[in-house]
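Engineer: Sending over a structure as structure tokens; questions will come in a sec.
The values are calculated or read from the model by the stated rules, or taken from the named source; none is laboratory data. All of these numbers come straight from a predicted model, not from anything done at the bench. Reconstructed Cβ throughout: ideal geometry from the backbone, glycine too, with neighbour counts over all protein chains shown. Surface areas here come from the heavy atoms of the whole protein model, side chains and all, with no ligands, DNA or RNA. Shrake-Rupley method; radii C 1.70, N 1.55, O 1.52, S 1.80 Å.
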Amino acid sequence: MVSLSDFVKAYDVRGLVPEQLSPEVARAVGAAFAEVVVLPDHQSGIVVGHDMRPSSPELSTAFADGVTSRGVDVALLGLTSTDELYYASGALDRPGAMFTASHNPARYNGIKLCRSAARPIGRETGLAEIRDLAQWLLERPTGLFTPPTGRGTVEVRQVLADYATFLRSLVDLSGIRPLSVVVDAGNGMGGHTVPAVLGTAAGLPKLPVTVIPLYFELDGTFPNHEANPLDPANLVDLQAAVTRHGADLGLAFDGDADRCFVVDAAGQPVSASAITALVATREIGRARAAGDTDIRVVHNVVSSRAVAEVIREHGAQPVRARVGHSYIKADMASTGAVFGGEHSAHYYFRDFWFADTGMLAALHVLAALGEQDAPLASLVAGYERYVSSGEINSTVEDASAVLDALRAWATVRGADIDELDGLSVTVPEPVEPMWWFNVRASNTEPLLRLNVEAADRETMVRVRDEILGLIRGGA
């Protein structure tokens, strides 16, 4: 018997097909989702979408069968990006399920779940209960009672054109200077949504943006490279294409197209923190123009120090949050933040039900670039203020012991310690050039994740190497 605890993660379901995530498991999770979330929330129907992985249609159909077995109606959206699913959940005010393993290799699939209006579901907000009930159903399939309302219905519904129209209504690109952009969809769902949003596939007016497509063919076997732009190896083709075509910038989407990565005209990656700061300034400006006075922007603990600085410089209040979409979305909803960004290139918008959408972030980058004459590198230079190590993973046997050693190390040096998410340590200024680091334990693997940022490269390397020595020496 499969154990759901092995692949129901902190924020979603992510497992091997069919060893872990099979149609039988998807059916049980669907029934549990209906019982734990949909019916208690007094909802009568949900929306279900899936990505281009070969297993996604069968799994999503099985999930829908489990949902309808509980008397709940299902609208099948077919091929969608994750943010298109969030759009449907928000616009139709229904809970939703998206079948995708995002950037994971082809042998994986998964499920991202949300309540109505794209409200997040994580381990602490329903996912653990869904997991436990689904496990019970798998072990006792005859124990499922029949609801008094009978079986729910299934309809097929398309929302791509409405999704594209909605995003275009949030960012006006009609008056920008002509731009050329290479888009690497990585054979993922960006090949489905980009032609609708940036092109005319959804029947929208033509934009002054020339899209040069790269790997737009939907193929869940990922024949060209993994759809994980966090790995620099997966940006190589995009970088080469941008310089070859003399494009103004490049965009890379992950497999389910909810994250967007940016490279400049020289093919150099622009950090997600710089994009967070750039988009934050635009959203702060929009909010102020609408009469808002108490404006807040959320960023996670691993974002560059420059993000909070830029937010304050533009008259808004930064809100520091734990890493992970369920935490960011919850903090945005509780504070009414206009925008949120993560180091992993997830970008969240109040105008998009506090959900993440890489496509809307891409529209903001295009608008910011096209509304002035400078190249992208110059535009973002003011947001790239410090030197970062990037995320470095280390395998450890006892994460708690290593964190204790780091805490003691920081205490001896009189550094500031914060434990909102893992261990964040900041040097007291002006004792030495600015530096800080964060170490977090993985939710799913025996890993510690290190991020270091400093005022200059020499300081960053020194701190990085010393902390890595402590982590790996005690691993």
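Engineer: Working only within region 303-336, note down all residues that are assigned to a loop (DSSP other than H, G, I, E, B) and either within 19 Å of ASP418 (Cα to Cα) or in contact with an Asp or Glu (Cβ under 6 Å, 6 or more places away or on another chain) (or both).
Structural biologist: SER303, SER304, ARG322, VAL323, GLY324
Engineer: Return the residues of region 280-302 that are part of a loop (DSSP other than H, G, I, E, B) and closer than 22 Å to GLU391 by Cβ; say none if nothing qualifies. Give the derivation first.
Structural biologist: Filtering region 280-302 down to residues part of a loop (DSSP other than H, G, I, E, B) leaves 290-295, 301-302.
If the condition is that a residue be part of a loop (DSSP other than H, G, I, E, B) and closer than 22 Å to GLU391 by Cβ, then VAL301, VAL302 are the ones that fit.
Engineer: For region 259-273: of the residues being buried (at least 24 other Cβ atoms within 10 Å of the Cβ) and either closer than 23 Å to ASP331 by Cβ or without any contact (Cβ under 8 Å) to a residue 24 or more places away in the chain (or both), which is nearest to the chain's Cα centre (by Cα)?
Structural biologist: Applying the filter and picking the extreme gives ARG259.
Engineer: Additional query: Kindly establish whether THR82 is open to solvent by less than 10 Å² (accessible area, probe 1.4 Å), more than 30 Å from MET359 (Cβ to Cβ), touching a residue at least 12 places away in the same chain (Cβ under 8 Å) and not aliphatic (A, V, I, L, M).
Structural biologist: Working: open to solvent by less than 10 Å² (accessible area, probe 1.4 Å): yes; more than 30 Å from MET359 (Cβ to Cβ): no; touching a residue at least 12 places away in the same chain (Cβ under 8 Å): yes; not aliphatic (A, V, I, L, M): yes.
No.
Engineer: The conditions are (1) open to solvent by less than 10 Å² (accessible area, probe 1.4 Å); (2) in a helix (DSSP H, G or I); (3) not aliphatic (A, V, I, L, M), and ASP256 fails exactly one of them. Which is it?
Structural biologist: (2)
Engineer: Give me a count of the residues in region 232-253 that are out of contact with any helix residue (DSSP H, G or I) (no Cβ under 7 Å at 6 or more places or on another chain) and open to solvent by less than 10 Å² (accessible area, probe 1.4 Å).
Structural biologist: To start, the set of residues in region 232-253 that are out of contact with any helix residue (DSSP H, G or I) (no Cβ under 7 Å at 6 or more places or on another chain) comprises 232-247.
Those left that are additionally open to solvent by less than 10 Å² (accessible area, probe 1.4 Å): 238, 241-242, 247.
Of the residues in region 232-253, 4 are out of contact with any helix residue (DSSP H, G or I) (no Cβ under 7 Å at 6 or more places or on another chain) and open to solvent by less than 10 Å² (accessible area, probe 1.4 Å).
Engineer: Give region 324-348 a look and list any residue that's buried (at least 24 other Cβ atoms within 10 Å of the Cβ) and aromatic (Phe, Trp, Tyr), or say none.
Structural biologist: Passing the criteria: PHE339, TYR347, TYR348.
Engineer: A further question follows. Hey, any hits in region 255-262 for a residue that's of a type in the set (Gly, Ala, Ser), on the phi < 0 side of the Ramachandran plot, modelled with pLDDT of 95 or more and touching a strand residue (DSSP E or B) at 6+ places or on another chain (Cβ under 8 Å)?
Structural biologist: No, region 255-262 contains no residue that is of a type in the set (Gly, Ala, Ser), on the phi < 0 side of the Ramachandran plot, modelled with pLDDT of 95 or more and touching a strand residue (DSSP E or B) at 6+ places or on another chain (Cβ under 8 Å).
Engineer: Here's a follow-up. Determine which member of the set LEU77, LEU59, LEU39 is surrounded by fewer than 18 Cβ atoms within 10 Å (Cβ to Cβ), on the phi < 0 side of the Ramachandran plot and among the aliphatic types (A, V, I, L, M).
Structural biologist: Details: LEU77 fails: surrounded by fewer than 18 Cβ atoms within 10 Å (Cβ to Cβ); LEU59 fails: surrounded by fewer than 18 Cβ atoms within 10 Å (Cβ to Cβ).
None of the other options fit; the residue is LEU39.
Engineer: Same structure again: For GLN20, indicate whether it is over 21 Å from ASP162 (Cα atoms), surrounded by fewer than 24 Cβ atoms within 10 Å (Cβ to Cβ) and free of Cβ contacts under 8 Å to residues at least 24 places away in the same chain.
Structural biologist: So GLN20 fits the description; yes.
Engineer: Still on this structure, please answer the following. Within region 227-242, does at least one residue satisfy the condition of being within 23 Å of GLY175 (Cβ to Cβ), of a type in the set (D, E, K, R) and not in a strand (DSSP E or B)?
Structural biologist: Within region 227-242 (the criterion being within 23 Å of GLY175 (Cβ to Cβ), of a type in the set (D, E, K, R) and not in a strand (DSSP E or B)), the answer is no, since none of the residues qualifies.
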